[in-house]
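Worksheet for the structure shown next.
The values are calculated or read from the model by the stated rules, or taken from the named source; none is laboratory data. Source: prediction; values computed, not measured. With ideal geometry, Cβ positions are generated from the backbone for all residues, glycine too; neighbour counts draw on all protein chains shown. With ligands, DNA and RNA removed, areas are computed over all heavy atoms of the protein, side chains included. Shrake-Rupley method; radii C 1.70, N 1.55, O 1.52, S 1.80 Å.
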Amino acid sequence: MKDNKSFNTYQTPSWCPGCGNFGIWYALKNAFTELNFDNSDVCMVFGIGCSGNLSNFLKVYGFHGIHGRTLPVASGIRLANHSLNVIATSGEGDGLGIGLGHFIHTCRRNIDITYIIHDNRVYGLTTGQTSPTSPTGFQSKSTPFGVIEEPINPLALAIIQGATFVARGYSGEIEHLSSLIVQAVKHKGFSVIDVLQPCVTFNPNYSYPFYNHRVYKLEDIGHNPEDKEKAISYALDYGDKIPIGVFYRVSKPTYEDKSEELKDKPLAEYDILDISISDLIEEIRES
Ligand code: SF4
């Protein structure tokens, strides 16, 4: 029987003391344990940023990609091997800045992967610049007079663009976050969890006291995740009260289910070595 220590590596996390990434790290390990996963059952794809350092601290298959490209890599892994549980993880700067186009297209494809956004509303690794979810008026090294744009709303965007499981977690609520990860991984289709993750060093305004006083659980007020309209209205609700939990869930065929080439077997099971290139060229010429 595995416990969550089975997913530790020999390295100790190097995040700042109190960083919200610790909570996400624990929640992932607890979720893998609850799902009874072996280390080789999971492939994680990591982006660039403080969250990307997770690649050193989780003993599962991993791919540390380039900035903003976690979702195309994760999609490729899933299409090539249907037996792996594929989880992409990145900061909001990575996934909603340079990677925003990939995020939207992965939502509409509904590929069976999970995406966890470490949303600390600031670029942490590069020492505190404004990110795509920084609120209007936010002052940082890159916007000393305050942000004049509106922040991106990842949950509303995901629901509207076709993601079939959309949730928000909080890294200060590890047990709850762990249960969201379990549900997201079990869900068939593209599942997104936006995680409120305090960056205690470069964004102290959005730290534990701020969230502890505001978060409430949607399941405690009887929200039905199949109600899309309500899900969008909760996704837009970010103020004195901040909802966490499953906002939206719907059952739809995945990209793999709908693809004639992939529905019966993944790419890795095609014997491409049997294809004669000259026969292929001849076939194209004749067509
Ligand atoms: Fe965490 Fe912020 Fe430190 Fe990065 S800079 S490790 S996000 S607290």
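General remarks:
- Antiparallel bridge percentage (DSSP; both residues within the chain; nearest 5): 15 percent
- In segment 4-286, taking the dipole from charged Cβ atoms about the Cα centre, the farthest positive-side position among G68, T130, L100 is held by T130.
- Among I284, I174, the order of accessible area from largest down is I284, I174, computed with a 1.4 Å probe on protein heavy atoms.
- According to the Kirkwood relation over distinct C-alpha pairs, the hydrodynamic radius of segment 1-98 is 13.8 Å.
- For the set K217/K263; K5/K186; K2/K186; K228/K265; K186/K230; K2/K228, the pairs lying more than 26 angstrom apart at their alpha carbons are K217/K263; K228/K265; K2/K228.
- Compared with the direct C-alpha span, the chain from D220 to D264 gains 11.8 nm at full extension, assuming 0.36 nm per residue.
- Normalised by the number of residues in the chain, the mean separation of alpha-carbon contacts (under 8 Å, six or more apart) gives a relative contact order of 18 percent.
- Span from the segment 232-272 Cα centroid across to the segment 129-193 one, whole angstrom: 16 Å
- The length gained by stretching the chain between N56 and S40 to full extension, at 0.36 nm per residue less their Cα-Cα distance, is 4.2 nm.
- The calculated P(r) of segment 177-287, using every Cα pair and 10 Å bins from 0, goes 11, 27, 23, 14, 12, 9, 4 in percent.
- For the chain, Kirkwood radius (reciprocal of mean inverse C-alpha pair distance, Å): 19.7 Å
- Normalised by the number of residues in segment 218-287, the average gap of Cα pairs under 8 Å and 6 or more apart makes the relative contact order 26 percent.
- Charging the Cβ of each Asp and Glu at -1 and of each Lys and Arg at +1, and nothing else, the dipole of the chain about its Cα centre rounds to 920 debye.
- Cβ-based net charge around L155, under 9 Å, with every Lys or Arg adding one and every Asp or Glu removing one: 0
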